[in-house]
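Data block below; observations after.
The values are calculated or read from the model by the stated rules, or taken from the named source; none is laboratory data. These figures come from a predicted structure and were not determined experimentally. Every residue, glycine as well, gets a Cβ built from its backbone with ideal geometry; the counts of neighbours run over all protein chains shown. To get the accessible areas, we keep the full protein, side chains included, count just its heavy atoms, and leave off ligands, DNA and RNA. Shrake-Rupley method; radii C 1.70, N 1.55, O 1.52, S 1.80 Å.
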Amino acid sequence: MTNLDAEKGPHSLVRARSSNTSQDSQRRRTGGRAGGKGGEKGGARDSRDGSLIGDDVTQAESERVRVTIRVRPPTEEEAASNGEFAMDISPEDSTVVLHRSNGQLEQMEFEFDSVLPPTATQADVYQVAAKPVVADVLNGYNGTVMAYGQTGAGKTYTLSSTKPSQLGIIPRAAAEVFVMARADPSHTYRVSMSYIQIYMEMIQDLLRPSSSNMQIRESENGVYISGVEEVEVTCVEDCLKLLAVGERNRTVAFTKMNAHSSRSHAIAIITVEKKRRKEVESSDSEGNSGAVAAGGHGSEEHRKPEKKDKILVGKLFLVDLAGSERLKKSGSEGLRASEAKSVNLSLTVLGKCINARADPHAHHVPFRDSKLTRLLQESLGGNAKTSLVINVAPTIHHLNESLSSLLFGSRAMEVKTKAVVNEEEEYRILTRTLQETIDEHDDRVHSLEVVVYSQEEQLSQAKASLDEQKELVGALQAEREEMEQKLAEGVAAVEEEWTAKLEKAEAEASQRMDEAQQTFSENLSKATEQLSCERDEMAKELTSAQEMVQRLEQQLREALEAKGHLEDALLVASESGEAGDGSGLQLLVVEKAARQQAEKEAEALRAEKSQGQLMLEETERKLAKQTEETAQRTQEVRSLKAENKRLNELVVATSRALVAGAADAAGRALSSLDHHFCAPKIKA
């Protein structure tokens, strides 16, 4: 038993159905363990690998597409919203009952080869859907395992998962190939792997992303992809590395239905070449079948005696179809909407091909309407053992998509296949390899011829361009001479014009300077005369003020003297004793009035003196201010003279620079023309 066989666990799906199992038992969504149906249904295997098989298996049923239904568990959102389940499954009876409350039929029942509940493991899926096909591939048959379903139903997880605890069908199939090959000492095996995607109807190599839009060819051995990268692998680790490289290059995007929605169909192709060892005798080959040692799955009728020059070539196509989606649900826009339309169109063509293959009266199968159906032509009712895994979502929210997937699986079960052992002679394989090499060389020679022809055409175009350049050089030389003459005339005219302008500017500047000097002199004389007059007037005012001050001081002295006389008279009167009569009283009153008058006059004189001093100070300040303004105006006059002189010098220098600049510009233009005219000559 291999490690993969040990993963089946206690709930293995590969077991015969008990005779007393009721068809109505375990039909609800909450019941039933993982189980498989015996007899003719999906979990059954024939005596080639020692497992059970029903007595009613017929040759016709063994040569048709086998369909397995896998129901994924509800997502976290569906569980949180308590989404109602739309189907009842019965793994024992391999049936699915779909409930439609608003349809013409309230429920629809489907029967398939195997039905796997949400509790089924990856190992269960591989045992039921893929392992028999892998065994047939090791016996020289072509095999196909295809995952179909809506977006987010779990197709990529079922087929391509590389998590150690959740390995998908592709890594398990690769491991099975190497395990069975090591267990067969009578044969040598050569295993190779290719990985491509079909994106927007273009075939791209996922192992060599630079190869895109590859073409599909057809030979006597069937259809194939021209130029696809085919890498030889020696262990399952090599396959996992290639699978990881392909997954990184595959086109995925975020949608409302799936955070990692595949936007392309991915196909992994594992090719197994089985050759009998030379040291083994032919009698041993007839007695001990290499297929039994490898766990083969072909029938006794298909076992042919192997010859030393015969090679069995089996190809295993592992197809991860992009999910069908409704734009309203997925919310795709722009490029994502175009991708969804392309995927839906190719899946529609796939459905048409399935219908045509299932109809015995159909005369045409539209394989060429899509790259997908063209590449899977042999898998859809041709030379291949085909197993189809239908992934469905259980909730009522996805009822229409689940119904479409179940109907597709039902039609696919009616497709008959005609698988034969692909036995080729060794020299034919070598011949085919050499022919492919020759074809590659022919393609390379053709591409080189195209390059040579293109270079010859470019050379002829270069010669024609050279002749045109020569003619252009001649025309440019003539134009240069004409431009040089015009330039010389223009420079002379400009120099003459600027000389006249310079002379005129100098004359105007000199005239303006004279006028400015004359105006300045006149203004200076006027300002000096005005200042002198104002100074004389202020001196007169100062003199009169000084005289007034002296007069006031004199009057003050006289008033003080009069006051002294009055005081003396009053003293004499008081001493003479005449103060008691009326004349003495009158004298006192007169004296008092005179005293008050003298005081008033003295106060008025003091005020006039203060006012005179203020007027004197104001006059001195005005005189100082006039003196300062005179000095400032004198400085401004000097500055104006210096600025006028500088402006005159600047005008002269600017005029000379303009004349010199025109000459330099003319020189630079001539140099540029020389370079422009000489370059074509050098190039030619």
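Note on region 158-176: residues that are open to solvent by 40 Å² or more (accessible area, probe 1.4 Å) and either modelled with pLDDT of 90 or more or closer than 17 Å to A130 by Cβ (or both) amount to 2. Across region 194-217, the number of residues qualifying as farther than 23 Å from T156 by Cβ, outside any loop (DSSP other than H, G, I, E, B) and either in contact with a Pro (Cβ under 7 Å, 6 or more places away or on another chain) or modelled with pLDDT of 85 or more (or both) comes to 2.
Conditions tested, residue by residue: (1) assigned to a helix (DSSP H, G or I); (2) without any contact (Cβ under 8 Å) to a residue 24 or more places away in the chain; (3) within 52 Å of the chain's Cα centre (by Cα).
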position: Y453; (1), (2), (3): yes, yes, yes
position: E457; (1), (2), (3): yes, yes, yes
position: Q461; (1), (2), (3): yes, yes, yes
position: L476; (1), (2), (3): yes, no, yes
position: V491; (1), (2), (3): yes, no, no
position: E495; (1), (2), (3): yes, no, no
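From the residues in region 218-237 that are charged (D, E, K, R), open to solvent by 80 Å² or more (accessible area, probe 1.4 Å) and in a loop (DSSP other than H, G, I, E, B), which one is modelled with the highest pLDDT? Give the derivation first.
Step one: filter region 218-237 for residues charged (D, E, K, R), giving 218, 220, 229-230, 232, 237.
Subsequent filtering for residues that are open to solvent by 80 Å² or more (accessible area, probe 1.4 Å) retains 218, 220, 230, 232, 237.
From what's left, in a loop (DSSP other than H, G, I, E, B): 220, 230.
On the way: E220: 76, E230: 89.
Of everything passing the filter in region 218-237, E230 is modelled with the highest pLDDT.
Annotation note: Cβ proximity below 6 Å between a residue of region 637-662 that is modelled with pLDDT under 70 and a residue that is among the aromatic types (F, W, Y) (sequence gap 6+ or interchain) occurs for L658/W498; V659/W498.
Flag not set for A594, criterion: open to solvent by less than 90 Å² (accessible area, probe 1.4 Å), free of Cβ contacts under 8 Å to residues at least 12 places away in the same chain and among the aliphatic types (A, V, I, L, M).
Residues in region 177-205 that are among the aromatic types (F, W, Y) and open to solvent by less than 10 Å² (accessible area, probe 1.4 Å): Y195 only. Of all residues in region 238-284, those satisfying the criterion of being closer than 24 Å to E201 by Cα, modelled with pLDDT under 85 and open to solvent by less than 30 Å² (accessible area, probe 1.4 Å) are R250, A253, T255, S261, S262, R263.
Among residues belonging to region 205-220 that are charged (D, E, K, R) and touching a strand residue (DSSP E or B) at 6+ places or on another chain (Cβ under 8 Å), point out the one that is nearest to V245 (Cα to Cα). Checked region 205-220; the qualifying residue nearest to V245 (Cα to Cα) is D205.
For G382, work out the one condition from (1) at pLDDT below 90; (2) open to solvent by 20 Å² or more (accessible area, probe 1.4 Å) it doesn't fulfil. Just one mismatch for G382, condition (2).
Count of region 343-387 residues, restricted to those that are acidic (D, E) and in contact with a Cys (Cβ under 6 Å, 6 or more places away or on another chain), is 0.
Residues that are open to solvent by less than 80 Å² (accessible area, probe 1.4 Å) and of a type in the set (D, E, K, R) were ranked within region 435-485; the one that is farthest from G227 (Cα to Cα) is E484. Out of all the residues in region 338-346, is one or more crowded, with 17+ Cβ neighbours inside 10 Å, of a type in the set (A, V, I, L, M) and at pLDDT 80 or above? Within region 338-346 (the criterion being crowded, with 17+ Cβ neighbours inside 10 Å, of a type in the set (A, V, I, L, M) and at pLDDT 80 or above), the answer is yes, since at least one residue qualifies.
Residue check: is A130 surrounded by 24 or more Cβ atoms within 10 Å (Cβ to Cβ) and either farther than 18 Å from V179 by Cβ or free of Cβ contacts under 8 Å to residues at least 60 places away in the same chain (or both)? No, not satisfied.
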